[in-house]
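Everything on this sheet refers to the single structure shown next.
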Amino acid sequence: MASLRSMWQRLAGKTAETKPAVIAPNSTTAGVMAKVMHIPKANRELVPDQYLPLWQLLNQRQIIEVKVEGSSLAYQTLVLAIDIQRGLLWLDDLFPSQHVLEVGDRITLRHHRNGEQLSFSSPILAWGSSYGATGLAIMLPEQPCYVPRRQLDRANVSNKPSLSVKVRPIGQDISYGSVLDVSSGGLRASIPGNLLGQLRHGALLPLCELTLSDELTIRCSARVRSFRLLRSPHRHTQISLEFVDLAHERAQQLQQFINNLIYLQHADEMPELRSA
């Protein structure tokens, strides 16, 4: 803890005898963030290429997933400011509100874009509430970049209408639908009716539950990755979800179920496997 406090003092430009150089108590949030924000949102020319992904998240106000290392806790946030001079990345207050994290705890940030993923981990260096601001400060990553997401085997289960899923967006009632395909990382489902008003990209669903067999039930929270309204053969919302806090043991069981299902599907398609 002492080393982290020392690091924060150095990055914030203060010593034991001086007040914070950037963030001062009793300052308004707008004033504090104006001082912290070293890069104007609209001025791309001032952004070093290595921080372009973070500038895009800031400029477009993209929702970022936050996970706490060593636990299943998951939150959402936005980039508030990039302070290259002090090596800080300021994030908005976490949603849902949290009361367990402390300075020194390590968090992992993730953002998905067109099949690629930006992911990095950093310790929490300071809470804005201690300096009259909102949010929290973490160490600025050295080289944030998007990389292709690992492709997961996905089993088509659209011909199994009995395989249903129930989901609940925040503040909404439970909705029931049919699973179209599933992988160990998520699923795609069809839900009757128009849910466009209840969904948004990157939103956290507190409940995602499906029963694959008598021995295997998946119950976790999930992240909305995409959704669209279709009107044929009936009006329904097609939604793609990513499992958020699925236990490792359950993920392994799900992967085994998918492997078996894919093998059986291939066996049905290939005569040589059916006779084996």
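Worth a mention:
- Screening the stretch 162-176 for residues that are free of Cβ contacts under 8 Å to residues at least 60 places away in the same chain and either touching a His at 6+ places or on another chain (Cβ under 8 Å) or closer than 22 Å to residue 112 by Cβ (or both) and picking the one that is surrounded by the most Cβ atoms within 10 Å (Cβ to Cβ) gives 165.
- Taking the criterion of being open to solvent by less than 20 Å² (accessible area, probe 1.4 Å) and over 18 Å from the mean Cα position of the chain (by Cα), the residues of the stretch 177-187 that qualify are 177, 179, 181, 182.
- Screening the stretch 236-270 for residues that are without any contact (Cβ under 8 Å) to a residue 24 or more places away in the chain and of a type in the set (A, V, I, L, M) and picking the one that is most open to solvent (accessible area, probe 1.4 Å) gives 264.
- Matching residues, the stretch 195-219, being closer than 14 Å to residue 165 by Cβ and crowded, with 18+ Cβ neighbours inside 10 Å: 195, 205, 208, 210, 212, 218
- Across the stretch 80-134, the qualifying residues are those that are in a strand (DSSP E or B), under 17 Å from the mean Cα position of the chain (by Cα) and among the small types (Gly, Ala, Ser), and the one among them that is surrounded by the fewest Cβ atoms within 10 Å (Cβ to Cβ) is 121.
- Filtering the stretch 220-235 for residues that are free of Cβ contacts under 8 Å to residues at least 24 places away in the same chain, open to solvent by less than 70 Å² (accessible area, probe 1.4 Å) and of a type outside the set (A, V, I, L, M) leaves an empty set.
The values are calculated or read from the model by the stated rules, or taken from the named source; none is laboratory data. Not measured: the values here are computed from a predicted model. A quick note on method: Cβ atoms are made from the backbone with ideal geometry, for glycine too, and the neighbour counts reach across all protein chains shown. Side chains included, ligands, DNA and RNA excluded: accessible areas come from the protein's heavy atoms. Shrake-Rupley method; radii C 1.70, N 1.55, O 1.52, S 1.80 Å.
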